[in-house]
Structure formats: structure tokens, C-alpha cells
Amino acid sequence: MTTSPLLSPSVQKAMELRQTRPLPHVPMGPSIRLGSVSYLNARPLTYALGDGVITMEPSRLATELRAGNLDVALVPLMEVLEAPPGTYRVANDIAIGSQRAVYSVYLNYAVPLAKIKTVALDPASKTSVELTRLVLEKFHHVKPVYVSPGEPADAQLLIGDPAIAYRQAHPEQKYLDLASAWREFTQLPFVFAVWAMRLTAWKAFWTARQLRTAKQVGLECRTQIARSAFERQYLTEHLSYDLGPPQKRAISLFADMLAQTGRISASHPIRYI
């Protein structure tokens, strides 16, 4: 297999593995460089895609996709909102989000919410970082100082599988579920990640259709994907994989709020396909 010198070593290795493993249930074509997170929340969307999916933490996925080292990636919503207009096409009807409590994206805090002065942010996902800022500053009128993970802080942002593990190990602590907080103040679901594509229109159309098929297979297989009763509950009750009118309204509102506070330069239309 010939690899491009522009590809990072991790992408090259995953592309080589794709050539030696069986075809996935829903084929994407060997030339499509497809990336996702390895978190449990993404497994229903990638379960039917086989072994060719390149896994990285959310922020790294966004970097590789923006650089052109991936063609399609399940990226944090912020990557689509921050990229120059026209950079991506977004697969319609597929997302990782939550209608109410997501459980795996939260603030763990040790003082009363109104007295939080410092927050340790997890840089793995910009979407969760920006949602944290909005929830605290706009909804709760708290303006803390944000610090790096590991620094002493009144609250810390945790996401993904590490967040689940921490919460299960420390049930006695205080948690602010960020999807619940968003729902309380907006009456809308929240979208954390979408399939973004750097492809021509016709190839994006075909790829989005395959991703929707993979989603349907994965949702039907959540019982097989889950390794425990909690994981079944998490995949079926805490998460939503829809990207319909309510989710698109939520995305627009999130973008408008970020633009109003100067966190992004401007809100622009998203090309759904």
C-alpha cells in the first residue's frame, strides 16, 4: 500500500490495517480515511464499519480532519462551527447527543455552584469546554478562572469513558450534568459530535448514506455492544443519535450564543447532506 507523506503515522498505520482485515458490515471503500473516538458513546455509530476506523481523542480527530489527513471524522461540534464556511459537509440524521442527562459530560464540584471560582477544563473536546463556559457564565452567572487538568480547582470538567468511570467510583460527589443544564435553560437537546466530511458532493452523499445505514445497524445492536446493564442504559437512555429539526435548532442556538460572547467569529449555515 502506498501512503502519502502528508499522513500522520497513526493514520498511515490504520490505513494499512484496513487492507489486511475483513470488510466491515457497511463498507466505506478503502480510499476513505475514517476517524472516530474510542469512547463507548460512539460504538453504535462505528460498530458496523469494521476495523478500518481510526480512533483518536476528539481534539486530535478535529486536527487531523482539518489538516486533510482524514476524509471523514466523528468530530466535536465545535470543529464544524469554528472551521471556515464550506470546509465540511455534515452527515444528516446522525449525531452523538442527549435529550436530557448525558451522564458522561459533567462538572464535578466541591463547593456550592454559585461559589465556584476555578474550573479545571478537559481539553479533549472543545464542545464540552464551550458548553461548560456557557452553562456557568450565561445560565448560572458564575465567572470562574479556567485552569488546566490536574491543577487545584473548585470544579473539574470530565468527559467520555473516564468521566463514567470516575462518576461510578465516586457516587457521593456533586455533579452538574451539562446536557441537563442546557436542556433546563433552552428546552432543547444538545449535540456533542457529528460526522464531518471533507469530500466532493457526490462522494459525501454516498458516504453519508453508508453512515446512516451503519447507524441503524449499530442502534439495533446496542445490546451486543453493551458489556453491562449500565452500558445498555447509557446507550439507550442517556444518549441520542438523532440529528433532526430539534438538534439543528440546538446547534444554531449554541452557535449564536458562542458568536454573541465572542467565542467564535460568526455563526454560519451548516451544509447537511
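Observations on the structure shown:
- For the pair segment 93-111 / segment 141-210, the C-alpha centres are spaced 5 Å from each other.
- Sorting 28-38, 44-54 by average packing, meaning the other beta carbons within 10 Å per residue, from highest down gives 44-54, 28-38.
- Helix 201-220 and the longest principal axis of the Cα set of the chain meet at an angle near 70°.
- Considering helices alone, the calculated mean residue ellipticity of the chain at 222 nm is -11000 deg cm²/dmol, with DSSP H runs of length four and up weighted by -39500 (n - 2.57) and normalised per residue.
- C-alpha long axis of helix 245-260 to longest principal axis of the chain, angle in °: 60 degrees
- Prolate/oblate/rounded call for segment 148-259, Cα gyration tensor, a/c under 1.5 rounded: oblate
- Peptides 175-187, 74-86 ranked from most to least packed by the mean count of surrounding Cβ atoms within 10 Å: 74-86, 175-187.
- For segment 183-231, the square roots of the Cα gyration tensor eigenvalues, ordered a ≥ b ≥ c, give a/c of at least 1.5 with a/b no greater than b/c, which places it in the oblate category.
- Residue order, fewest to most surrounding Cβ atoms within 10 angstrom, among His170, His140: His170, His140
- C-alpha long axis of helix 160-169 to longest principal axis of the chain, angle in °: 50 degrees
- Sorted fewest first by neighbouring Cβ atoms within 10 angstrom, Lys115, Lys248, Lys174 come out as Lys115, Lys174, Lys248.
- Taking every DSSP beta bridge that has both ends in the chain, the antiparallel portion is near 65%.
Readers should treat all values here as calculations from the given coordinates under stated rules, not as data from a laboratory. Computed from a predicted model, the values in this text were never measured in an experiment. So basically every Cβ, Gly included, is an ideal-geometry build from the backbone, and we count neighbours across all protein chains shown.
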